[in-house]
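Student: Structure in structure tokens, see below.
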Amino acid sequence: MSKRVILLVEDNPSDEALTLRAFAKNNIRNDVVVVRDGAEALDYLLGCRNDPADLRAMPQLVLLDLNLPKVDGLEVLRRIRADERTRLLPVVILTSSGEERDIVEGYGLGANSFVRKPVDFVQFTEAVRQLGLYWLIVNEPPPVIWH
Amino acid sequence: MSALSREMQRRYSEAFASYLAGADEVALHQAYELGRKALADGLGVLDIAVTHHNALDAVIEGEPAMARSVEIAKAAEFLAETLSPFEMSLRGYRDTNDQLIAMNETLGQARAAAEAANRELEAFSYSVAHDLRAPLRGVDGFSQALLEDYADRLDDEGRGYLKHVRESAQRMGRLIDDLLALSRVTRSQLDRAQVDLSGLAQNVAAQLQKAQPGRQVEIVIAAGMFADGDARLLRIALENLLGNAWKFTGKRAEPRIEVGVTSGDDGAFFVRDNGAGFDMAYASKLFGAFQRLHSTDEFEGTGIGLATVQRIVNRHGGRIWAIGEVDRGATFYFTLGGGARRA
């Protein structure tokens, strides 16, 4: 059975490269779909997918940055939770800020986790390892709902 | 109800009759003085009017023939003189009121400006939190990637440089975090309540021990210390003070940290250690942001901790000061406006 994809919503190319590197170093072999802003993320997730064969495209996990061009991360999360097809999707906020209001609002909108990206890459790699272990292996994902 | 005393009424009638008879300045001055006294006694214009009416009646009753000859204008002059202190006071009141209104307006503008500045600071901090750390992750992460993937193509010196790059990036990350904590301390609102300072100190000490289980530090915390303050902010203050004590006793053979209250009515809380201490000549620099009395090689730090503590203490209306000696330890004292006490 092929692994389901991870959707990485990240506008910073350096952060994208580092996150992919951290996946690779931790043997996380899921395909990663990278989108650069909130609008792209919503296009991807809420785009019309009536074909059951396309199920694989529904990610197992969304890693969501907050500070994004066009539609910000919290708004993306709001729209994900408002849509029948994606409302159960595991969404982990992975962002620079540890500002309390972001954390409170993130959880308020139904984020499954809030992880602050450490500056230290060794710590960052460890955070990604634990994220991958938990969300891709330990955790039982919700069934995909398609229409 | 209040009214002019008999004595004052009598004096009014006498001076009034005297003024009608001769229009002398002395009588007029008496009218003014009576008015001033009535005003000072908290009496009103109506009390004066009643007294005036009685005095007028008395003059006419005493000499009915006077009824026609009493000059209305002169009687009115006398009454007006008596009432003049009231008028002046009213004018003063109005002026004061106008000034108050003007001051309120200025105050309102100042407050609006302060609120705008605060919002700007909020937005600035938010942007710092989000945007300033991201490039540092790039600097640190790709340096690490070079160290991992290209280590064999670099000599020791090259690898050493990359380690310096990483250390610098991480240090800047800590600086940004500490600066944000400092600004958060200023921005957050103060929620005062009774705070168990002993419990808080125990908790912070346990945290320090947990982070460095290998260290053996004797920590003595006085029991029953309570403070009137914001628990969240006081925790940050103790984290910094105890964290410093923990750090600066790092090279001691028998490190000791004590938290307590000084005796006396205006007792102050204190955190004492037998660590590296400091030269009192630099005591004024202790609480300035980015001021450090030790090199980073000696003791790691960003120089923002004590500035944060001072800001917290200031926000409570308290005071902070320190006594120290090089290699003999340091004691930091602080009050919180409400006075230190032990239950």
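The values are calculated or read from the model by the stated rules, or taken from the named source; none is laboratory data. What you see is a predicted model, and the numbers here were worked out from it, not measured in a lab. Here the Cβ is made from the backbone with ideal geometry for all residues, glycine too, and neighbour counts use every protein chain on show.
Student: As an exercise: evaluate residue B:171 against (1) more than 45 Å from the chain's Cα centre (by Cα); (2) within 14 Å of another protein chain (Cβ to nearest Cβ) and give the number of the one condition it does not meet.
Tutor: Status for residue B:171: all satisfied but (1).
Condition check ((1) modelled with pLDDT under 90; (2) in contact with a Lys or Arg (Cβ under 9 Å, 6 or more places away or on another chain); (3) away from every other protein chain (no Cβ under 14 Å)) across all residues:
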site	(1), (2), (3)
A:106	no, no, no
A:115	no, no, no
A:124	no, yes, no
A:129	no, yes, yes
A:136	no, yes, yes
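Student: Condition (residue is closer than 20 Å to residue B:302 by Cα and of a type outside the set (Lys, Arg)) applied to the stretch B:140-159: is it met by at least one residue?
Tutor: So in the stretch B:140-159, the residues closer than 20 Å to residue B:302 by Cα come out as B:140.
Filter once more, so that each one left must be of a type outside the set (Lys, Arg): B:140.
Within the stretch B:140-159 (the criterion being closer than 20 Å to residue B:302 by Cα and of a type outside the set (Lys, Arg)), the answer is yes, since at least one residue qualifies.
Student: Name the strands (runs of 3 or more DSSP E) wholly within the stretch A:1-120 that hold at least 3 residues that are free of Cβ contacts under 8 Å to residues at least 24 places away in the same chain?
Tutor: Values: elements: A:6-9, A:32-35, A:61-64, A:91-95, A:113-116.
In the stretch A:1-120, the matching strands (runs of 3 or more DSSP E) lie at A:113-116.
Student: Report every pair of residues separated by at least 6 positions or lying on different chains whose Cβ atoms are under 6 Å apart, first residue within the stretch B:120-135 and at the interface with chain A (Cβ under 7 Å from one of its Cβ atoms), second among the charged types (D, E, K, R) and outside any helix (DSSP H, G or I).
Tutor: Every condition considered, the pairs that remain are B:129/A:99.
Student: Output the residues belonging to the stretch B:265-291 that are closer than 17 Å to residue B:321 by Cα, of a type outside the set (Ser, Thr, Tyr) and surrounded by fewer than 17 Cβ atoms within 10 Å (Cβ to Cβ).
Tutor: B:266, B:279, B:280, B:281, B:283, B:285, B:288, B:289, B:291
Student: Turning to a different aspect of this structure: Do the conditions hold for residue A:91, that is, is it under 28 Å from residue B:142 (Cα atoms) and out of contact with any Cys (no Cβ under 9 Å at 6 or more places or on another chain)?
Tutor: Numbers: under 28 Å from residue B:142 (Cα atoms): yes; out of contact with any Cys (no Cβ under 9 Å at 6 or more places or on another chain): yes.
The answer is yes for residue A:91.
Student: Quick check on my filter: what residues within the stretch B:156-171 are of a type in the set (A, V, I, L, M) and farther than 11 Å from residue B:146 by Cβ? So that I can check it myself, show each step before the final result.
Tutor: First, the residues of the stretch B:156-171 that are of a type in the set (A, V, I, L, M): B:162, B:165, B:169.
Hit for the stretch B:156-171 is B:169, nothing else.
Student: Any residue in the stretch B:186-203 that is within 14 Å of another protein chain (Cβ to nearest Cβ) and free of Cβ contacts under 8 Å to residues at least 60 places away in the same chain?
Tutor: Filtering the stretch B:186-203 down to residues within 14 Å of another protein chain (Cβ to nearest Cβ) leaves B:187-189.
If we keep only those that are free of Cβ contacts under 8 Å to residues at least 60 places away in the same chain as well, we get B:188-189.
Looking for residues that are within 14 Å of another protein chain (Cβ to nearest Cβ) and free of Cβ contacts under 8 Å to residues at least 60 places away in the same chain, one finds at least one in the stretch B:186-203, hence yes.
Student: Would you call residue A:24 surrounded by fewer than 20 Cβ atoms within 10 Å (Cβ to Cβ) and under 30 Å from residue B:125 (Cβ atoms)? Spell out the reasoning first.
Tutor: Working: surrounded by fewer than 20 Cβ atoms within 10 Å (Cβ to Cβ): yes; under 30 Å from residue B:125 (Cβ atoms): no.
Taking the combined requirement at face value, the residue does not satisfy it.
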